[in-house]
Amino acid sequence: MARNPGRPLSPHLTIWKWGPHMLVSILHRATGVALATGGAMLFTWWLSAIASGPDAYASFSRYVIDADGAGGLPMVTTLLAKIAAVGLTWAFFQHMATGVRHLVLDVGAGYELRTNRMFAKLTMVASTVLTLILWIWAWRN
């Protein structure tokens with residue numbers, strides 16, 4: 001099939017000016033994948049630990065919670081688990097904020113360029129602030 005030279009070519013990514021709305025769109029997809037993958041793996045591990053009995057659950061708790069404070073490998077994995085938990089929490093809040101942004105866009109509001117950029121930036125700020133608030137509260141209690 002021959003191309004009609006009178007029709008314009010589709011724009012390529014290199015000619016688009018990068019904006020926060022593009023970043024938020026990509027982050028929405030990435031956080032959805034992270035939540036589905038990370039959450040499913042952690043939930044499956046937790047369920048299998050519960051189903052396997054008290055020893056398996058104690059092992060799960062040692063690597064995720066470090067309930068006995070033993071240090072060593074469990075302490076390192078507990079630190080990694082906490083970092084992953086903070087990351088998944090941020091992903092949850094980012095995905096939720098972007099979903100609310102899309103809901104607003106679906107009702108026909110917020111399509112003005114300035115408003116769209118402001119809402120995109122607001123989702124990133126809100127997800128970071130909500131994550132900080134939640135984890136500061138969790139570590140204090």
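Quick rundown of the values:
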quantity	calculated
Enumeration of residues in the range 87-132 that are in contact with a Lys or Arg (Cβ under 9 Å, 6 or more places away or on another chain), more than 20 Å from Ala30 (Cβ to Cβ) and assigned to a helix (DSSP H, G or I)	none
Selection from the range 29-68 of residues that are outside any helix (DSSP H, G or I) and open to solvent by less than 40 Å² (accessible area, probe 1.4 Å)	Gly53, Asp66
Selected residue [of a type in the set (Phe, Trp, Tyr), open to solvent by less than 90 Å² (accessible area, probe 1.4 Å) and over 20 Å from Ala30 (Cβ atoms)] from Trp135, Trp139	Trp135
The range 9-22 residues that are within 24 Å of Gly110 (Cα to Cα), paired with ones that are modelled with pLDDT of 70 or more and open to solvent by less than 100 Å² (accessible area, probe 1.4 Å) (beta carbon under 6 Å, 6 or more apart)	Pro20/Arg117; Pro20/Ala120; His21/Asn116; His21/Ala120
So Ile26, is it in a helix (DSSP H, G or I), under 27 Å from Asn116 (Cα atoms) and modelled with pLDDT of 90 or more	yes
Residue in the range 118-140 that is more than 16 Å from the chain's Cα centre (by Cα), of a type in the set (Gly, Ala, Ser) and within 25 Å of Thr89 (Cβ to Cβ) present	yes
Yes/no for Thr78 being of a type in the set (S, T, N, Q), surrounded by 14 or more Cβ atoms within 10 Å (Cβ to Cβ) and at pLDDT 90 or above	no
Cross-chain or 6+ apart pairs with Cβ under 8 Å, the range 34-52 first and modelled with pLDDT of 90 or more, then open to solvent by 90 Å² or more (accessible area, probe 1.4 Å)	Leu35/Phe92
Of all residues making up the range 91-132, the number that are open to solvent by 90 Å² or more (accessible area, probe 1.4 Å), touching a residue at least 24 places away in the same chain (Cβ under 8 Å) and aromatic (Phe, Trp, Tyr)	1
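The values are calculated or read from the model by the stated rules, or taken from the named source; none is laboratory data. Note that the structure is predicted; figures quoted are calculated from it, not measured. Heads up, the Cβs are rebuilt from the backbone with ideal geometry, glycines too, and the neighbour counts pull from every protein chain shown. Surface accessibility is based on the protein's heavy atoms, side chains included, excluding ligands, DNA and RNA. Shrake-Rupley method; radii C 1.70, N 1.55, O 1.52, S 1.80 Å.
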